[in-house]
Amino acid sequence: MEKFKNSDFGKCPRVACHGQSLLPSGQHDIAGQSTVALYCARCEDIYSPKSSRHACIDGAYFGSSFAHMFFLTYPNLQPTKTSRRYEPRIFGFRVHAGAALARWQQGQKEKLATRLINEGLDTGFEAEEERDQLEDDSEEDPGQAGDGIDQMFEGRGARR
């Protein structure tokens with residue numbers, strides 16, 4: 001209990017945990033499977049220890065249930081869970097969730113296309129790529145009519 005209070009095993013690296021003390025924990029109960037990990041009760045996540053002295057300690061010595069039994073024994077040391085989530089911002093404005101979703105979907109689409117091409121299957125994405133290439137070419141060519149916005153502003157400037 002004193003080692004937990006003194007943060008002998010370290011503090012949680014997450015900013016939202018405000019330096020919560022960590023407890024040693026094993027990922028497996030069988031010896032030789034993995035080294036000791038550090039458990040944060042506030043964010044309920046495990047971390048690899050920074051100290052090299054922890055690298056030679058087998059995680060099975062503590063077991064996968066040590067941290068949970070510790071807080072059952074000392075419930076007053078159980079930290080409150082954080083309800084605050086990190087919210088990405090650009091210049092103080094929240095990043096729209098749809099933008100992240102669109103990036104994720106595009107990445108998934110590219111992975112699928114690569115996987116299908118590697119299997120030698122027709123993806124159906126080639127026609128879309130050609131269409132995108134034609135759109136890019138038309139944007140670069142100033143002689144194209146486009147959507148008329150440029151002409152609208154050019155016409156306004158000519159009236160003055």
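The values are calculated or read from the model by the stated rules, or taken from the named source; none is laboratory data. Since the structure is predicted, the reported quantities are computational estimates derived from the model, not experimental observations. Cβ sites come from the backbone with ideal geometry, for glycine too, and all protein chains shown count toward neighbours.
When you look at ALA100, is it among the small types (Gly, Ala, Ser), free of Cβ contacts under 8 Å to residues at least 24 places away in the same chain and in contact with a Phe, Trp or Tyr (Cβ under 7 Å, 6 or more places away or on another chain), yes or no? Spelling it out, it is not the case that ALA100 is among the small types (Gly, Ala, Ser), free of Cβ contacts under 8 Å to residues at least 24 places away in the same chain and in contact with a Phe, Trp or Tyr (Cβ under 7 Å, 6 or more places away or on another chain).
Quick one: is PRO88 surrounded by 15 or more Cβ atoms within 10 Å (Cβ to Cβ) and under 25 Å from the mean Cα position of the chain (by Cα)? For PRO88, the condition - surrounded by 15 or more Cβ atoms within 10 Å (Cβ to Cβ) and under 25 Å from the mean Cα position of the chain (by Cα) - is not met.
In the condition set (1) touching a helix residue (DSSP H, G or I) at 6+ places or on another chain (Cβ under 7 Å); (2) more than 30 Å from VAL95 (Cβ to Cβ); (3) surrounded by fewer than 17 Cβ atoms within 10 Å (Cβ to Cβ), SER25 is compliant with all but (3).
Please pick out the residue among ALA100, ALA67 that is surrounded by 11 or more Cβ atoms within 10 Å (Cβ to Cβ) and out of contact with any Leu (no Cβ under 6 Å at 6 or more places or on another chain). Full working, then the answer.
Details: ALA67 fails: out of contact with any Leu (no Cβ under 6 Å at 6 or more places or on another chain).
Only one candidate qualifies: ALA100.
Among the residues of the range 64-101, those identified as over 14 Å from SER21 (Cα atoms) and in contact with a strand residue (DSSP E or B) (Cβ under 8 Å, 6 or more places away or on another chain) are SER64, PHE66, GLU87, PRO88, VAL95.
Residue pairs whose Cβ atoms lie under 6 Å apart, sitting 6 or more positions apart in sequence or on different chains, and linking a residue in the range 24-38 that is within 12 Å of SER65 (Cβ to Cβ) and assigned by TED's automatic domain parsing to the domain that holds CYS56 to a partner that is of a type in the set (S, T, N, Q) and at pLDDT below 85, are GLY26/SER64; GLN27/SER34; HIS28/SER34; ASP29/SER64.
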